[in-house]
Amino acid sequence: VQVSSLYIYDSVVLLTTAFHQKLEDRKWHSMASLSCLKRWTKPWNGGHSMLDVIRQGRVWGLTGELQFNELGVNPNLQFEVLGTSYADGGQEKTVRKLGVWDPVNGLNGSLSDSMPGRNIRGVTLKVAVVLVRRGTTL
């Protein structure tokens, strides 16, 4: 499963939760003017209040907890940055954790790991992402 698919799913869950909350609160603006057939329609007045509900929302999705802080960023994101190490300057490769990235602290770690005597020109880098729910292990 591609990571983007998981984030799309979580976004849809957050949107449906926001729509449901607006309907439950009965603070819904009329959608009568949202006709695609008319050439000029009035804009929907519920956009700002819907955005407020989304910003205040909090749901658990496939990628974990989805919420937004005052900057509009999900503070619960965290990615491990992995790199290939070459043992004893030889041919055997091992994968090790180089650092962690999150939207609050940025990159925490070192990306200076490389094979001695080689440059990165012409090398294809692969990005692998594994999502793990908090409280579980691989």
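Of the residues making up segment 5-26, just one is closer than 15 Å to residue 74 by Cα and polar (S, T, N, Q), namely 11.
Residue 33 fulfils the conditions (1) at pLDDT 85 or above; (2) over 23 Å from the mean Cα position of the chain (by Cα); (3) among the hydroxyl-bearing types (Ser, Thr, Tyr) except for a single criterion, (1). Scanning segment 93-127 for residues that are at pLDDT 75 or above and surrounded by fewer than 14 Cβ atoms within 10 Å (Cβ to Cβ) yields 93, 94, 95, 96, 97, 104, 105, 106, 107, 108.
Okay, residues lined up against (1) more than 13 Å from the chain's Cα centre (by Cα); (2) at pLDDT 85 or above; (3) on the phi > 0 side of the Ramachandran plot:
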| site | (1), (2), (3) |
| --- | --- |
| 44 | yes, no, no |
| 49 | yes, no, no |
| 52 | yes, yes, no |
| 62 | no, yes, no |
| 71 | yes, no, no |
| 77 | no, no, no |
| 81 | yes, no, no |
| 86 | yes, no, no |
| 91 | yes, no, no |
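The values are calculated or read from the model by the stated rules, or taken from the named source; none is laboratory data. What you are looking at is a predicted structure, and each value in this text was computed from that prediction instead of being measured. Cβ atoms come from the backbone with ideal geometry, glycine included; neighbour counts cover every protein chain shown.
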